[in-house]
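Just below is one structure, and these are the notes that go with it.
The values are calculated or read from the model by the stated rules, or taken from the named source; none is laboratory data. Bear in mind that the values here come from a model prediction, so they are computed numbers and not experimental data. Glycine gets a Cβ as well: all are built from the backbone with ideal geometry, and neighbour counts include every protein chain shown. Ligands, DNA and RNA are stripped out before the accessible areas are found, and what is left, the full protein with its side chains, is counted by its heavy atoms. Shrake-Rupley method; radii C 1.70, N 1.55, O 1.52, S 1.80 Å.
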Amino acid sequence: MEEEKTKSQERSKTCRCSPHSLWVTFSTMYINIISRCFGVLGTVFSRHPCLTLAVSFGFVGLCSVGFYWMNAENRVEKLFIPRDSRAMKDMDKAKINFPMESRIETVIFEPKEPGQYVLSKACLLDVLAVHHEIINTKPYQELCLSQPSTNNSPSFCLFLNPLDLLQFNQSLFSNATRKFEEAFRNKGLMMRNGRPFWYNMRIMFGGLDIDGVSGEMSKIDALQVLYFMKDGKTEPEEEKITNWEKNVVENIEKLGDALSCVKVYVNVQRSLDDAIQESATSDVAFIGINYMLLFSFACFMLGKFRNPLTGHMLLATIGICAVLLGILAGFGFSMFVQTPFTSVVGALPFLVVGIGIDDMFVIIDELDRIGPQLSVTDTVKVVMANSGATITMTTMTDLVAFAVSTWSDLPVIQYFCLYAAMAIFFAYLMIITFFVAMMTFDVRRVKAGRRDCFPVCRVPPPKEGAPAWDEPRTQTSSKLLKAWAKILMRTEVKCIVVLISLGLFGSGIFGALKTNEEFDTRLLAKDGSPYMLFTNAQERYFPLTIEVSIILDTEVNYTSPETQNEIIHLSRIASQNSFYEKTTLSWMETLAAFSKKRGLSLEGKHFMTTLRTFLNISSFAHFREDLRLSDDKRTVRASRILCYMKKSLNSIGQRNAMVTLREDLQNGSLLPAYAISKSFIFFEQYTRILKATIINLVIASIAILLITYPFLVNFSVTIMVFFGFVALVFELFGLMYIWNISLHGVSMIILVMAIGFAVDYSAHIAHAYVMSSKKSAEERVIDALRTLGASVLMGGTTTFIGMIMLAFASSELIRIFFKMFLGIVLLGLLHGLCFLPVYLTIFCRGSSFKTSDVANKIEPDLAESTESAGVTQQPRKNNNVVASYDNPVVTTEQNTA
């Protein structure tokens, strides 16, 4: 008998020294320290509530000073272009010889009636009226990109207008079609942009059907006119040109009603920025409606209309105000550190309110379990000691999810995540300070027997035989969640839940493999905005053909036949790429054919002589735009050839066109040539978004795993939570596939946020499961759902209500926010209240530690303070477990018992 006892003691010592036992001891100590800290904070705030409120208001006021430095940024090139991208470096290098820094203002003319011909005299008169309106808007002559004057011609502004060929002479408008056909046949007829008329025809005429030999035009559906303006290099110049663009748009809108034949669609360089700004401000009214819904829901859920004493309608209102103060402080602090404010940030208040109210529900739920025996200070102390750890854990997971994305290459993501992290952090601070201080007054009200909505009035005594108003009672929501938990624990129900979860996970993997990375700038604009109408018209008549320059700007021997053949080979590389048209514009290829036909030499000293002869012929003069000669005109300093992306490529095709051409040039040419287009700087984001998403999701997942592990104590429980939010992310990919939402900057933000939200919904339940005193796994699940299931459900509901008004937003981008968050809430609740409880009973049946041991470790000082105050709590069920959510505090006498 003594031997068995000795062996048992040895096994106990060995068990206590095992890694698992050491980790449980560390986690218990860690949770105890956090609980004690929050207990101390609760004591301080409850004893000095007025001082706490004053400090909170002062802190928010100090942070709000940051609004003085508010810098709204809606310029696309400042938000959606990755920093230090290859395209930007190539652009800086190329502009030394081939400047691309121009603003292109585009006007599209479409007949008002289906039967009208856009080249009729009446329509061309309307085009002329718009042209005069633009060039007469001052200071056009000063701001236009102009051709420098020479000995033979004065300086003139650059634009591309078919009326230029008619010399803007109204008498020639009647025979415009014939004039354009003649111009097409004249291969040497040059236009202001330095290219021949035949080259510009498909840029100017939409839906063009033309005979390639005779030039006979059988169909034209629309006209497009381009105006080339200087790009402001300084802030005053930028402001000047943007003001001119604004005046042009307003003047054309006024002129539009007076035009009899055509509809006009205008797109200036600032149009997309204006569309983003309009989209951001068009839904401001929804913010007020949204907060009214949140106030109503919180007051309804916490009001307890059948109990005039222990309801918390006023406290719920104060909780929402606390979150709003946190948002105000977070935004102010972000602006103080010079973070630009973007239109996407406007959706944050809808999001952060839901997160903050979730914490408020957890605290109030804990408050409702405390009996009337404790003093005001001890009540607040116990509430904070037992709820502080779990709300800290969920806040940290949200913060990490956003903090990871602040390192993104895309400025728009970086700015959004910084604002989000600050708003969530300061909302959390306001909840544990401002709200707790106000909760102290609410506890005083309850103990003074005053009504919830009208504290000046006292509550009537309860009916005879009824329990006291302040006696803790099980809420209806807790009863419903307990009944749901019992159903969930049936064997047949578990099997169904497992099958559903696996089916959803498989569907999510399928959706992740099918999700595309397309991004349409129309997502940023308001429905029916001028930018949206213009883009639709351009898509109908002028499918986007992107011109790409292959530039050779290093010193090479152009007189060498080998070099000449390599330059000709560059155009073949482009034409053989599946994303590019077969047609290229190569000066060297044309020069070689010209010299062969004329019997001229291109070798050695004869090269420059033949080149000058070639460029002096009118039909080849436009190639001057593709060559840069040395100052003495004796050598070629730099050159380029032009190739063209295929029309109507989506963003994925455009990305692949850019990447594959770079690879082809690097691997297939001996020359140090590189490809560049102004559009490439926007395509760079498509090359990084998938990689950035995967990296952010992995880093955020690992960080959140490390954060939650000490709080959840049990490694297997932590892994269940981890796999839960991994599955949720894949399921969101499945929803994205169903809703035809592509992977871009905004959806990437939401996917990273989904990790934090998934932990919010699951971690509360997992923490309650680990801390439960029940013996079997099924009983612990029922206990966890009974105690915290209602808070999780209400938290998810408030997040949904906080975002519901976004469903009616006028911008598709904001509606994507709503769709994604709807998926997060529904899937998060499904995982937290359905999938996770089932999997806990399958894979995590064992308890991490003996709850009877924990009872003597967690918060003994609270018990001592209760005893010293002469208050003894009446025994209730599970009263031997301090850490239980059912009864967080026991006295010394109960511990002894």
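The trypsin sites (Lys or Arg not before Pro) of region 697-804 that DSSP puts in a loop, and whose beta carbon has at most 16 other beta carbons within 10 Å, are 775. The Cβ shell under 15 Å around residue 426 holds other residues with a net charge of -2, Lys and Arg each +1, Asp and Glu each -1. Compared with the direct C-alpha span, the chain from residue 597 to residue 247 gains 120.7 nm at full extension, assuming 0.36 nm per residue.
Charging the Cβ of each Asp and Glu at -1 and of each Lys and Arg at +1, and nothing else, the dipole of region 547-676 about its Cα centre rounds to 380 debye. The share of accessible area on the chain that comes from carbon and sulfur is 59 percent, using a 1.4 angstrom probe. Placing +1 on the Cβ of every Lys and Arg and -1 on the Cβ of every Asp and Glu, with nothing else charged, gives the chain a dipole about its Cα centre of roughly 800 debye.
Highest-first packing order for the peptide set 648-655, 171-178, 830-837 is 830-837, 648-655, 171-178, based on the mean count of other beta carbon atoms within 10 Å. Shown in residue order for region 46-53 are the 3J(HN,Hα) couplings computed by the Karplus curve 6.51 cos²θ - 1.76 cosθ + 1.60 at θ = phi - 60°: 6, 7, 10, x, 5, 5, 4, 5 Hz (x for Gly and Pro). Pairs over the 23 Å Cα-Cα cut-off, from the set 597/646; 304/819; 121/179; 254/678; 89/514; 582/678: 597/646; 304/819; 254/678; 89/514. Scanning residues 5 or more positions from residue 674 or on other chains, those with amide H under 5 Å from its amide H are 551, with H placed 1.01 Å from N in the peptide plane. Ranked from largest to smallest solvent-accessible area, with a 1.4 Å probe on the protein heavy atoms, 797, 563, 476 come out as 476, 797, 563. Express as a percent, rounded to the nearest 5, the fraction of DSSP beta bridges in the chain (both residues included) that run antiparallel. For the chain, the DSSP antiparallel bridge percentage is about 100.
What the pair-distance distribution of region 102-268 shows, using all Cα-Cα distances binned every 10 Å from zero, is 10, 37, 35, 16, 2, 0 percent. Rounded to two decimals, the Cα-based Rg/Rh of region 589-649, with Kirkwood Rh, is 1.05.
Between residue 202 and residue 612, the FRET efficiency estimated from the beta carbon spacing at R0 = 41 angstrom works out to 0.85. The accessible area of residue 228, taken with all protein chains in place and a 1.4 Å probe, comes to roughly 30 Å².
Taking K and R as +1 and D and E as -1, what net charge do the other residues with C-beta under 14 Å from the C-beta of residue 300 add up to? Walk me through the numbers on the way to the answer.
Values: positive: 304, 306; negative: 452.
Value of the local net charge: +1.
Here the Karplus relation 6.51 cos²θ - 1.76 cosθ + 1.60, evaluated at θ = phi - 60°, turns the backbone of region 158-172 into coupling constants of 8, 8, 10, 9, x, 5, 4, 5, 8, 6, 6, 9, 4, 5, 9 Hz, with x for every Gly and Pro.
Karplus-derived 3J(HN,Hα) values for region 560-576, using 6.51 cos²θ - 1.76 cosθ + 1.60 with θ = phi - 60°, are 7, x, 4, 5, 4, 5, 5, 5, 4, 5, 4, 5, 5, 4, 5, 5, 8 Hz; glycine and proline are entered as x. Going by accessible surface with a 1.4 Å probe and the largest first, 336, 159 read 336, 159.
Distant-in-sequence amide contacts of residue 635, defined by a placed amide H-H separation under 5 Å and a gap of 5 or more residues or a different chain, comprise 630. Using only alpha carbons, region 378-472 has a radius of gyration to Kirkwood radius ratio (Rg to Rh) of 1.23. Short to long, the 10 Å bins of the Cα pair-distance histogram for the chain hold 2, 10, 17, 18, 15, 11, 9, 8, 5, 2, 1, 0, 0 percent of all pairs. Taking every C-alpha pair closer than 8 Å and separated by at least 6 residues, the mean separation divided by the residue count of the chain gives a relative contact order of 18 percent.
Accessible area per residue for the chain, computed on protein heavy atoms with a 1.4 Å probe, is 44 Å².
Sequence-distant contacts, meaning Cα pairs under 8 Å at least 6 residues apart, place the relative contact order of region 102-268 at 41 percent.
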